[in-house]
Structures are given as structure tokens and as C-alpha cells.
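Everything on this sheet refers to the single structure shown next.
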Amino acid sequence: MQSPRGLILRRRASNLVSKALGVAATLFGLSWLFWILVVTLINGARALSPRIFTEITPPPGADGGLANALVGSAVMSVLGVLIGAPLGIAAGTYLAEFAERRPVWRETIRFVNDILLSAPSIVLGLFVYTIVVRQIGHFSGLAGALALGLIVLPVVVRTTDETLRLVPNMMREAALSLGIPRWKVTVQVLYRAALPGILTGVLLGLARITGETAPLLFTALNNQFWSSNLNGPTASVPVVIFQFAMSPYDAWHSLAWAGAFVVTMVVLALSVGARAFLLKNRMDSNA
Amino acid sequence: MTVYSAASSAVGVEAAGARDRSAAESRQDSLFRWALAGSATLVLVVLGSAALSMLWGGRLAFQTFGWHFIVSDEWDAVGRHFGAFVPIYGTLVSSAIAMLIAVPVSFGIALFLTEIAPNWLQAPIAAAIELLAGIPSIIYGMWGLFSFVPFMSDHVLPWINDHLGPLPWIGVLFRGPPLGIGMLTAGIVLGIMVIPFISSVMRDVFRTVPASLKESAYALGSTTWEVVWKVVLPYTRSAVVGGIFLGLGRALGETMAVTFVLGNAHQLSASLLMPGNSIAATIANEFTEADSDIYLSSLIALGFLLFVVTLIVLAIARLMLSNLARREGR
């Protein structure tokens, strides 16, 4: 039997220690964020120059920029969103609005979509490689866009599904009681109400594929030169970063840092912007 | 009479028009519904055909090597013999190190965000931790290679060699040249990458604990720690495990960051300081070099193994998480 005083002291001590560890864990997590951002920003700012945006990727030992990779990345990301977002919005709408009579089927699709959401992106790249690249016999920017589209798809499905479920039932009932067909109710009433949420999902999907590297290695590969042919190997910033950072040349390292800077800025701006956009719209509708 | 018939025929025309229109609209409705249902089915098709296509692509390797593909540690591109034990081992060990770091830290962050931090600090800190998840993995890789690896080899690894190396039993894990790249570094980077996923799930489920439960425990004189450890954690146990599995699924499939810091060495070594390989890093590094069918097929077979393992882990995670959602009545 121990004295009540000792017991109380011990409980207080363990309480204090646990709180201190909680604070320490948070500082630990934040310090990594700080370290990574500072290293990327300092090295990137040092390597940044107007040439990055005007010249193409150089051979070893020469100077150059990232223009072809930036264009390739932008085109493939936009195409990826154009492939993934419409399909995702349609599938999310089905789950939220049209599947009430098939709950098992609906929950199965939701479950599989959640798994797809966190499935390794390298696997989706291999999948597109086996069904597209291997069949047509060459690497292709379009195949890269398809792989990116498959990454956007589950993000948009999830956000569309969740946003549509938040739309009040009164809106559906009011529109249907006027005799409006369901597809018009969906497109003209529900989508209008859910637009901020759906757009946020699309932006988050875009943020996710902008820095994506692994699936592009097997689909779009890389291209050192300007290429207007999307059906051939296409350069992208992340793949160029991978190739240049792993090389022994200082000029290439510096370009890789410049690329890392641009990618980080774009991705952070997209994801912060998407969340701020959603927050603002929520506050407006609450007011 | 004529007026009446004209009126009635007008009504008839209008009724026929309305019938036509409602028929057209119901056609459009069912067309719309089928298009949406097709898109939803596509989600299932993608997952299923991804698994099947990789099984098909890897069939040559599975047929040639059989179960030796999983247990053999010989990876010989010239002799065309491929055994995947080294990458499988590397994936499992680096993920295990990642979870050893990420689980306690994530718990600490969730504890801080739900019980310790003042209200005004919660949202900004949570947003900052989530930014960690937004940083692309290639950035983790570059930072790891140029910043974290030198830090490890200059400051951390010599200390580990001197202090943990001589220990009996576990010492062998911590002896080796301080190269910087290797299993331990990769595990730490992976741990940092999955912290935001695990901590945000933990924070969300901690918030679902009914206030009355916590208040009862406080009323009996519990400390904050006792409330968290004896009330909150038991109440949310299955969802917390789900969150941990979600992080594990991420760690297993993470590619680029690991590729940068793991060293791409097909050798088995007891030491965590030695370079190794993982499934995803092997595929990323060697895919464009694969010069024979059996080489390519072995890499795709590796992808299939990775896919199956992550699917199982993620499925467990979702089941554990949905248990809590159901209890919440959501």
C-alpha cells in the first residue's frame, strides 16, 4: 500500500510528462516541415533564373532550363484532370444520388474507391504500362496523362460524393415537385449548390498529380527536347528532377533544385488555395 | 361547337405534347442514370483490371521461378535469375521502422491537438502538419539525399555506431559504415511522410468521443493523461488501428523518397545502416533498364506483390475505420 500523497504526486507527474511528450511530438513533426521547406526554398531560389522558363533541358555539362519539362508537366496534368474529373464527378453523383436502391453495391464502390485513394501510384503506372504502352509499343505522354487521370479519379469521386450528400433534401424535393426530370435537377440544382466542394476536389486532385513521379516513369518516360507530339515520350518536371538529382553533375543538381522549387510552390499553392476556397464558401453559406 | 372542338383538340395536342415530353425526359433520365452508373462501375474495373493486368504481366516470372521468386535473394540481371527476397525484406523493414517512429509521434500530435493546445492554436498547427502530406514525395527524396543523408552520416550514425553498436543482441543492427543512405534513413523519411496521415485520423476519431464519457472520468478526478489513456483510447481503439494501417499502406507503396535514400543495393544485410532495396524502389530504378522479357516480367510481378499486400492492408484499415463510423450512426 502506498501513501495517497505519493500516488497523487505520481499521477500528476505522469500527466505532466505525457503533456510534455505531446508538445515535443508536435514540435518534432513541425521541425521536419520547416527543415524541408527551408532547404527547398533556399536551394531553389539560388538556382532559379529566367532561363529555367525559356530553355530546354541541357545535355550533361551544359547550361539550360526546364521549359520543355514545365510544358510537358502542365499539359499532362491538365489532360489528367480532364480524364479523371468528369468520370469522378459522374461516379460520385451516382453514389450520392442514384444508388439508394442498391446499398450493397454502393458501399462496395465506396470501399474500393477509398482503397484506390491510398493505393501506391507506382502500381497505377505499371497498370497503364501493361495495358497501353506495351500494346502500342512506345512510351507516350497520353499514357502518362491517363495514369495521372486514374490518380485524380478517386479523389474527385470521394469529394463529389461527400459534397452532394451535404446538399439539403429540401432542394431536391422542391425541384422535383415542379416536375423537373432528375437529370436536370442534378445538373442545374444540385451541382450548383455543390460546386465549391466539387471544385475543391478537382484542385486537390490536380495538386496531387503535379508532383507525381513514379507513374510517369513507365508511361511518359522523359524527353530531352521540345516535343509537340503528345503520343511520344514527354518530359515532365518530377521525372527530370529524379534524373538530374541522381546524376553526378552540379549544373544538373542546380536545375533539379529549381524544378523542386517550382513544383513545391505550385503544389502548396494549389492545396492551400483549394482548402481556403472551400473554407470561404462554407463561411459565406453559413452567414 | 366549333369553339369547343377547337379547344378540345388544343387540349389533345397539349396532352400529346406533354406525353411526348415526359417520354423524352424519362429516356434522358435513364440515359443519364446509366452513364453515371457506368462511371461508378469504372472505379471497380480499374482496381480489378490493375491487379489482373499485373498478374498477367508477371506470369512469366511466377511460372519460371515459382515460389523461389519470393524466397530467393539472388537478383542477377545478367544470369537472368530473379529472386525478390531482398526488396521484399527492405520494404517490410523500412516500413516497420517508419511505423515505430510515426505511431508514437502521431499519437503525441493528436494528444496535443485535442487535449493540450488552446483553441486558437489547434487549426494552424493541424494545417501545418497536413502540409507535410502535401509535399510531393520527390521533394522528400531530394531533401533526403542532399540534406538529411549528410546529416545522418555526419552526426547521427557515428553516435549510433559508438553507443548502440556494442550492445549485445541488437547491436548488430546498428553496426556499419556511416554512409548515410540505408534502411534506417529510409525508414525515418518514410515515418515523417506518414505522420500526417496517421495523426489526422487519430485527431478526428479522438474528437468523436462523447463529451459525457470524458466529463464523467474528469469528475471522478482523472488527470488528462488518464482520460486519454483509459477512456479515449479504448473507445477509439479500432479506428486508431485503422489509421495506423492506413499509414502502413502508404509506407509500403511509397516510391520516390525511398528510391533516393535507400541505396539500390541488392544485398541482404543485418545492419540497418547498410544500403538495401525496396519493391517500389527496385521497380522505379530498374524499369527502363529491363532488357529481357523475364527481367521486365519479374519487375511487374514485384508490382503485383506490392499491390496485393497494400490492398490487404488498406482493406483492413477501411474496415476498422468503418466500424467506428457505424457506431457513430453515420
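The values are calculated or read from the model by the stated rules, or taken from the named source; none is laboratory data. Everything quoted here is computed from the prediction, not taken from an experiment. Ideal geometry is used to build each Cβ from the backbone, glycine not excepted, and the neighbour counts take in all protein chains shown.
Here are some notes:
- From the list A:Arg165, A:Arg182, A:Arg102, the one residue that fits, being within 30 Å of B:Ala315 (Cα to Cα) and over 23 Å from the mean Cα position of the chain (by Cα), is A:Arg102.
Residue-by-condition table, conditions (1) more than 8 Å from chain A (Cβ to nearest Cβ); (2) surrounded by 19 or more Cβ atoms within 10 Å (Cβ to Cβ); (3) of a type in the set (A, V, I, L, M):
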{"residue": "B:Ser147", "(1), (2), (3)": "no, no, no"}
{"residue": "B:His155", "(1), (2), (3)": "yes, no, no"}
{"residue": "B:Trp169", "(1), (2), (3)": "yes, no, no"}
{"residue": "B:Val194", "(1), (2), (3)": "yes, yes, yes"}
{"residue": "B:Met202", "(1), (2), (3)": "yes, yes, yes"}
{"residue": "B:Glu215", "(1), (2), (3)": "yes, no, no"}
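- Residues satisfying the stated conditions in region B:128-142, i.e. in a helix (DSSP H, G or I) and farther than 15 Å from A:Gly29 by Cβ: B:Ser137, B:Ile138, B:Ile139, B:Gly141, B:Met142
Matching residues to (1) outside any loop (DSSP other than H, G, I, E, B); (2) touching a Leu at 6+ places or on another chain (Cβ under 6 Å); (3) modelled with pLDDT of 95 or more:
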position: B:Leu145; (1), (2), (3): yes, no, no
position: B:Asn161; (1), (2), (3): yes, no, no
position: B:Val172; (1), (2), (3): yes, no, no
position: B:Pro177; (1), (2), (3): no, no, no
position: B:Ile181; (1), (2), (3): no, no, no
position: B:Ile192; (1), (2), (3): yes, no, yes
position: B:Val209; (1), (2), (3): no, no, no
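- Taking the listed residues A:Ala260, A:Ala274, A:Ala256, the one that is surrounded by 15 or more Cβ atoms within 10 Å (Cβ to Cβ) and out of contact with any Ser or Thr (no Cβ under 8 Å at 6 or more places or on another chain) is A:Ala256, with no other qualifying.
- Selected residue (only one of A:Thr108, A:Thr40 is under 30 Å from B:Thr41 (Cβ atoms), assigned to a helix (DSSP H, G or I), of a type in the set (Ser, Thr, Tyr) and at pLDDT 90 or above): A:Thr108
- Only one entry of A:Arg208, A:Arg192 meets the criterion of being surrounded by 20 or more Cβ atoms within 10 Å (Cβ to Cβ) and charged (D, E, K, R), and that entry is A:Arg208.
- Being out of contact with any Asp or Glu (no Cβ under 9 Å at 6 or more places or on another chain), surrounded by 20 or more Cβ atoms within 10 Å (Cβ to Cβ) and in contact (Cβ under 8 Å) with a residue 24 or more places away in the chain is a property that A:Ala96 lacks.
- Residue in region A:48-66 that is closer than 15 Å to A:Val263 by Cα, touching a Phe, Trp or Tyr at 6+ places or on another chain (Cβ under 9 Å), exposed (fewer than 13 other Cβ atoms within 10 Å of the Cβ) and in contact (Cβ under 8 Å) with a residue 40 or more places away in the chain present: no
- Qualifying residue in region B:221-228 (condition: small (Gly, Ala, Ser) and surrounded by fewer than 24 Cβ atoms within 10 Å (Cβ to Cβ)): yes
- Residues of region B:104-127 that are more than 9 Å from chain A (Cβ to nearest Cβ) and outside any helix (DSSP H, G or I): B:Pro118 alone.
- Residues within region B:221-242 that are more than 11 Å from chain A (Cβ to nearest Cβ) and polar (S, T, N, Q), tallied: 2
- All positions within region A:99-118 that are at the interface with chain B (Cβ under 7 Å from one of its Cβ atoms) and touching a residue at least 24 places away in the same chain (Cβ under 8 Å): A:Asn113, A:Asp114, A:Leu116
Residue-by-condition table, conditions (1) under 37 Å from the mean Cα position of the chain (by Cα); (2) at pLDDT below 85; (3) surrounded by 15 or more Cβ atoms within 10 Å (Cβ to Cβ):
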{"position": "B:Asp20", "(1), (2), (3)": "no, yes, no"}
{"position": "B:Arg27", "(1), (2), (3)": "no, no, no"}
{"position": "B:Leu60", "(1), (2), (3)": "yes, no, yes"}
{"position": "B:Val78", "(1), (2), (3)": "yes, yes, no"}
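- Hits in region B:232-291 - residues which are touching a residue at least 60 places away in the same chain (Cβ under 8 Å), charged (D, E, K, R) and under 30 Å from B:Arg203 (Cα atoms): B:Glu254
For (1) crowded, with 20+ Cβ neighbours inside 10 Å; (2) hydrophobic (A, V, I, L, M, F, W, C), each residue gets a yes or a no:
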| residue | (1), (2) |
| --- | --- |
| B:Ala84 | yes, yes |
| B:Ala96 | no, yes |
| B:Ala102 | yes, yes |
| B:Ser106 | yes, no |
| B:Leu111 | yes, yes |
| B:Pro118 | no, no |
| B:Gln122 | no, no |
| B:Ala127 | no, yes |
| B:Leu131 | no, yes |
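- Single condition A:Ser49 does not satisfy, out of (1) among the hydroxyl-bearing types (Ser, Thr, Tyr); (2) closer than 24 Å to A:Val266 by Cα; (3) assigned to a helix (DSSP H, G or I): (3)
- Of all residues in region A:152-204, those satisfying the criterion of being assigned to a helix (DSSP H, G or I), aliphatic (A, V, I, L, M) and under 22 Å from A:Glu107 (Cα atoms) are A:Val152, A:Leu153, A:Val155, A:Val156, A:Val157, A:Leu164, A:Leu166, A:Leu190, A:Ala194, A:Ile198.
- A single member of B:Ala98, B:Ala40, B:Ala35 is in contact (Cβ under 8 Å) with a residue 40 or more places away in the chain, in a helix (DSSP H, G or I) and among the hydrophobic types (A, V, I, L, M, F, W, C), and it is B:Ala98.
- Complete set of residues in region B:300-325 that are among the small types (Gly, Ala, Ser) and either surrounded by 19 or more Cβ atoms within 10 Å (Cβ to Cβ) or more than 7 Å from chain A (Cβ to nearest Cβ) (or both): B:Ala301, B:Gly303, B:Ala317, B:Ser322, B:Ala325
- Listed by position, the helices (runs of 4 or more DSSP H) inside region A:210-287 whose residues that are among the aromatic types (Phe, Trp, Tyr) number at least 3 are A:250-286.
- Residue list for region A:27-61, restricted to those being within 14 Å of another protein chain (Cβ to nearest Cβ), more than 22 Å from the chain's Cα centre (by Cα) and under 19 Å from A:Val239 (Cα atoms): A:Asn43, A:Ala47
- Subset of region A:180-236 that is over 30 Å from B:Ala281 (Cβ atoms) and among the charged types (D, E, K, R) - its residue that is farthest from the other protein chains (Cβ to nearest Cβ): A:Arg192
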